[in-house]
Amino acid sequence: LKFIFGPAAVPALDLVDHRSVTRVVSPSGRTAYQVLGTSGKLYTCYSSCHFCTCPAFGFTVLQKSESLLCKHILAVYLSQALGACQELTVSEEQLTNILLAEEEDEG
């Protein structure tokens with residue numbers, strides 16, 4: 001994993017070990033993932049479009065193209081593969097609030 005994903009591999013495995021990945025699902029089937037980062041901040045990840053709200057994703061992946069993904073997205077993929085995601089069912093309104101909270105943090 002480290003050969004393919006570089007420095008994100010070990011921290012991502014640590015997040016999986018600490019069960020830091022939660023799959024958030026609404027009744028309509030919309031899904032997002034929340035990952036509790038090592039700093040204690042909660043990041044929202046979308047595996048369907050390969051996106052994370054963390055600053056490292058924006059800088060290292062989108063701006064500099066130095067990496068394919070951040071540790072949070074890799075933790076989501078590993079958790080899916082290992083069946084290690086926590087599950088949280090929320091209402092449509094709660095999921096909307098989760099998504100809007102991320103936009104407010106960025107703006």
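The values are calculated or read from the model by the stated rules, or taken from the named source; none is laboratory data. Bear in mind the structure is a predicted one, so any value in this text is a computation, not a measurement. Glycine also receives a Cβ, built like all others from the backbone with ideal geometry; neighbour counts cover every protein chain displayed. What goes into the accessible areas is simple: the full protein's heavy atoms, side chains included, and nothing from ligands, DNA or RNA. Shrake-Rupley method; radii C 1.70, N 1.55, O 1.52, S 1.80 Å.
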Pull out the extension gain between Val10 and Glu66, defined as 0.36 nm times the separation in residues minus the alpha carbon to alpha carbon distance; nm, one decimal.
-> 18.4 nm
For the chain, what's the radius of gyration and Dmax over Cα atoms, in angstrom?
-> 13.4, 41
Jot down the radius of gyration and Dmax of segment 44-107, Cα atoms only, both in angstrom.
-> 13.1, 37
Can you send over the carbon and sulfur percentage of the accessible area for the chain, probe radius 1.4 Å, protein chains only?
-> 57
What nm value, rounded to one decimal, do you get for the distance between Glu92 and His18 when each label is placed 7 Å out toward the C-beta?
-> 3.6
Averaged per residue, the 1.4 Å probe accessible area of the chain, protein heavy atoms only, in Å², is roughly 58
Could you calculate the contour length gain from Ser47 to Phe59, that is, 0.36 nm times the residue separation minus the distance between their Cα atoms, to one decimal place in nm?
-> 2.5 nm
Note down the magnitude of the dipole of the chain about its Cα centre, charges +1 on Lys and Arg C-beta and -1 on Asp and Glu C-beta and zero elsewhere, to the nearest 20 debye.
-> 440
Once Lys and Arg get +1 and Asp and Glu get -1 on their Cβ, which of Ser20, Ala56, Tyr77 lies farthest toward the positive end of the dipole of the chain?
-> Tyr77
